[in-house]
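Presented below is the structure to which this report refers.
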Amino acid sequence: MYIRPIQRTDLDSLCLMAKHSGVGVTSLPDNRQKMEAKLDQALASFDKTLPLSDRVYLFALVDETSTELAGICALESSIGHGDVWYNYHVGKSVHASREINVHKVTQTLYLSNDLTGCSEIATLFLMPEYRNNQNGQLLSRSRYLFLADFRELFGEDIIAEMRGYSDADGNSPFWESLGRHFFQMEFSDADYLTGLGNKVFIAELMPKFPIHVPMLTEAAQAVIGKVHPQTEPALAMLKSEGFEFNHYIDIFDGGPSVGAKIKNVRAVRESKVYRVGLSDQAPAPDLSAKQGLMMVSNRQLADYRVLLVDQGAAGDDTLWLNPAQATILNVSEGDTVRAVSLRPKELSV
Amino acid sequence: MLVVRPSTFSDLTGIERLLNDTDARVTTLPKERDKLSEKISESDDGFRVGIDGDGPTSFLFVLQDTDDNQVYGTSGIDSEAGYGYPFFNYRLDEVVHASHHLNISSKIPVLFLSHELTGRTLLRSFAIDPALKKSDGFDLLSRARLMYMAANPDRFHQEVIVEIQGIFDEKGACPFWDAVGRKFFDMDFLTADYYCSMKSKTFMSELIPQHPVYVPLLPPEASATISQNHPAANRTCQLLYREGFHKSKFIDPFDGGPVLKAQLRNTHTIGNIRFKKARPSDVVGGMKYLISNQSNQDFRCVIGTLVDGIGDSIRIPLDVADALNIQAGDDIAYSPL
């Protein structure tokens, strides 16, 4: 399994994944035209024919033994330029009087565009049959190597928006308590429209004044900044890389935004550039083991590759690859690669 | 005979008794003796200061029966609502959320904190003995304030407002408070109400959240009480509507009760008022009128019968002249009951 940039021929697979992803994965609308536009944007991004702030990098996880895509993931260089980026900032308000012994701290939601200009860890989707053998880890974390390899293409800060809580029937308590009153539509419909990039309606319909959190239903208050149960592993992964809740939430489902300085992201900070050495004796990675694996990138933008290798392959300055690995990575002896341990050493997430 | 006059310290026990008997909450009149006597003192100063006296003034009147000298009611005027501080209300407004593309357009009611009514003349502190609730005494006690304003017009704003008590039950549960204020104070309505009477409404209002409140986010039982008056205030509302008051866009920030508004000159009382010289006489009969003297400090207002006519003087019954403390040739004002 390896990571490469998305290709024109991936469109059918992309549409298949959009169908699979369902409500909540806003960035993958089940709409072929929209997916094709996304594909075009990604291809132009890798081609460097788009302005920096418009670039979105889509990567595919590829099974070398078949032609199918196992999963996709994306990086946005700078959010909020074409479409306006909305969040609620979760602020504190204190209602206090010494005289009558009141000191009450409450939360207030402020509609904001504060995250405009941040880079974003965007879409990730892995086909169900590939949810094993570190595929999810590789797909998600490979993006940090890309950030480290091409720092100049991204901003200082990076965020990830996490899918918010909704119940088994797809009902979002946050939406029911807030958005519904203003949008007069189902959560899934609002979600779909956002995914299509039709964000003007948000500006038109969204409440502009701050929202007093205590006036929301208790069920809604309870899910502010909470992720969907299925998103817990993704959140844990981001946290292990140094991402933290930044007090911004999604305006529809209340899901948290987490953020970090790119330079402080664990995989960016710890990654190291090695010289490639070719050897038939390079140890094979044990993909069933959680520890002992490294991600290696070839540092080539247009023909980007990331692969998992055994950490025993890394010497002081040289990373030993067997010929098959070198072929996948499209590197030869003497080229440079970037590598970092797949998981943080101190954590076994 | 029932007479409305400025309150004095000798009314203290009478007012206390009255407040314990009335079913309506009167936030502006505390039951604590110290606070109550402070109010009377404030009012006393207000009546003493000449019309040149600047600054806000608070006037407290009592309804007294000259037969037994008992106090049967109170009513008051603040010359400037807020008394020099911001006077808080929620203003019920609407914002339109529309998307042409999605064919959605809706008017969303929103409550905005507002100081707009600061400085308007405020009628307040109305309390009447339940036994007199259905009598002319009710009208007298309420409208005597307008008669006082007519006698001292320079001291008051042309726009007159009244805060009407909102909906709460006998246990003190107030749906509007529970949905709004309580979320930020952690105290029940009666406690908050107590603080309002003891401290000041301004002080409490400063603790209220400053951002607008989207009405659809409130529970239906709370939004249903917005601008609705307590049943105990029905009689008051009827009287004020007859006077020409109407519900404004403003509501009480605590219980959601309506704020009624009128232009002083458009009220029934002021619109029909006449000023003439008094001619005390034995004559009886005619129609019922509110009749007041034109004094500041010794203001009096009663209900009596008159036969209105042309000329710049009018005959008034002797007992009325007596109750108004006037002599022949003194100025009086009268307005149909």
Write out the GluC sites (Glu not before Pro) in region B:111-220 meeting two conditions: DSSP loop, and at most 11 other Cβ atoms within 10 Å of their Cβ.
B:E170
Expressed as an acute angle from 0 to 90° and rounded to the nearest 10, what is the orientation of the C-alpha long axis of helix B:234-243 relative to the principal long axis of chain B?
70
Taking a 23 Å limit on the Cα-Cα distance, which of the listed pairs A:K261/A:K345; A:K92/B:K249; B:K199/B:K249; B:K35/B:K249; A:K92/B:K183 fall beyond it?
A:K92/B:K249; B:K199/B:K249; B:K35/B:K249
Can you sort B:F250, A:F209 from fewest to most other Cβ atoms within 10 Å of each residue's own Cβ?
A:F209, B:F250
For region B:189-337, the Cα-Cα pair-distance distribution in 5 Å bins from 0, as whole percents, is 2, 8, 13, 14, 12, 11, 10, 8, 8, 7, 4, 3, 1, 0
Hits among lysines - C-alpha to C-alpha of A:K34 under 18 Å, sequence gap 8 or more where chains match:
A:K19, A:K199
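Find the Cα radius of gyration of the protein assembly as shown, compare it with 2.2 N^0.38 Å by division, and give the number to two decimals.
1.43
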List the pair-distance distribution P(r) of chain B, using every Cα-Cα distance, as the percent of pairs falling in each 20 Å bin from 0 up to the bin containing the longest distance, rounded to whole percents.
31, 54, 15, 1
Run the numbers for A:E152 and A:Q33: contour at 0.36 nm per residue of separation, minus the present Cα-Cα distance, in nm.
39.7 nm
Tell me, in nm to one decimal, what length is gained between B:D65 and B:E206 on full extension, where the rule is 0.36 nm per residue of separation less the Cα-Cα distance?
46.7 nm
Between the modelled labels at A:K92 and B:D186 (7 Å from Cα along Cα→Cβ) the distance in nm is 1.4
All aspartates and glutamates inside 15 Å of B:K107 as judged from Cα atoms, apart from same-chain residues fewer than 8 positions distant
A:E204, B:D93, B:E94
Calculated P(r) of region A:189-308 - Cα pairs past 17 Å, %
74
Region B:99-155 - Rg and Dmax from Cα coordinates, angstrom
21.3, 62
Compute the helix-to-body angle for B:12-21: its Cα long axis versus the longest principal axis of chain B, expressed 0 to 90° and rounded to tens.
50
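Based on DSSP H assignment, which helices of chain A show an axial Cα extent of at least 18 Å together with a mean Kyte-Doolittle hydropathy greater than or equal to -1.0?
A:32-46, A:135-149
Can you give the relative contact order of region A:1-148 as a percent, counting alpha carbon pairs under 8 Å and 6+ residues apart?
Working: 241 pairs, mean separation 33.9, N = 148.
Result for region A:1-148 is 23 percent.
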Expected vector for region B:88-102, Karplus 3J(HN,Hα) from phi with 6.51, -1.76, 1.60 and θ = phi - 60°, integer Hz, x for Gly and Pro, equals 8, 9, 9, 9, 7, 10, 9, 10, 9, 10, 9, 10, 4, 4, 8
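Just rank A:Y88, B:Y72, fewest to most, by other beta-carbon atoms within 10 angstrom.
If I rank by nearby Cβ atoms, fewest first, I get B:Y72, A:Y88.
In percent, what relative contact order does chain B have, based on Cα pairs under 8 Å that are 6 or more apart in sequence? List each step's numbers first, then the result.
Working: 720 pairs, mean separation 62.1, N = 337.
It rounds to 18 percent for chain B.
Can you figure out the FRET efficiency of B:D312 with A:H81, using R₀ = 60 Å and their beta-carbon distance, to the nearest 0.05? Kindly include the intermediate steps, with their values, before the conclusion.
Values: r = 80 Å, r/R0 = 1.33.
The computed FRET efficiency comes out at 0.15.
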Relative to the first principal axis of the alpha-carbon coordinates of chain B, what is the inclination of helix B:189-198, with its axis defined by its Cα atoms, in degrees from 0 to 90 and to the nearest 10?
50
Among B:S106, B:S79, B:S197: highest mean-square fluctuation, GNM of chain B, C-alpha pairs under 10 Å:
B:S106
Could you work out how far apart the two model spin labels at B:Y241 and A:A168 are, taking each label as a point 7 Å from the Cα in the direction of the beta carbon, and quote it in nm?
5.3
Between A:T49 and A:S188, how high is the FRET efficiency from 1/(1 + (r/R0)^6) when r is the Cβ-Cβ distance and R₀ = 41 Å? Nearest 0.05.
0.70
What nm distance separates the two modelled labels at A:V200 and A:E129, each placed 7 Å from Cα along Cα→Cβ?
4.2
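So if we plug the beta-carbon distance of A:E64 and A:T106 into 1/(1 + (r/R0)^6) with R0 = 60 Å, what FRET efficiency do we get, rounded to 0.05?
Rounded to the nearest 0.05, the efficiency is 0.65.
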Extended-chain gain in nm, criterion 0.36 nm per residue less alpha-carbon gap, B:F9 and B:V283:
95.0 nm
The base-10 log of I(q)/I(0) that the Debye equation returns for region B:272-336 at q = 0.15, 0.20, 0.28 Å⁻¹, one scatterer per C-alpha, is -0.36, -0.66, -1.42
Return the single residue from A:T65, A:T217, A:T318 with maximal mean-square fluctuation; model: Gaussian network over chain A, springs between Cα atoms under 10 Å.
A:T65
Please arrange A:M237, A:M162 by counting, for each residue, the other beta carbons lying within 10 Å of its beta carbon, fewest first.
A:M237, A:M162
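Which shape class, rounded, prolate or oblate, goes with region A:271-341 when its Cα gyration tensor gives a ≥ b ≥ c as root eigenvalues, a/c under 1.5 marks rounded, and past that a/b bigger than b/c marks prolate?
Rounded, because the longest to shortest axis ratio a/c is under 1.5.
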Let me have the relative contact order for region B:181-337, percent, based on Cα pairs under 8 Å that are six or more residues apart.
19
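Every read-out reported here was derived from the displayed coordinates using simple, explicitly stated rules and does not represent laboratory data. Please read these numbers as outputs of a predicted model, since none were measured by experiment. We place every Cβ from the backbone using ideal geometry, glycine too, and count neighbours over all the protein chains shown.
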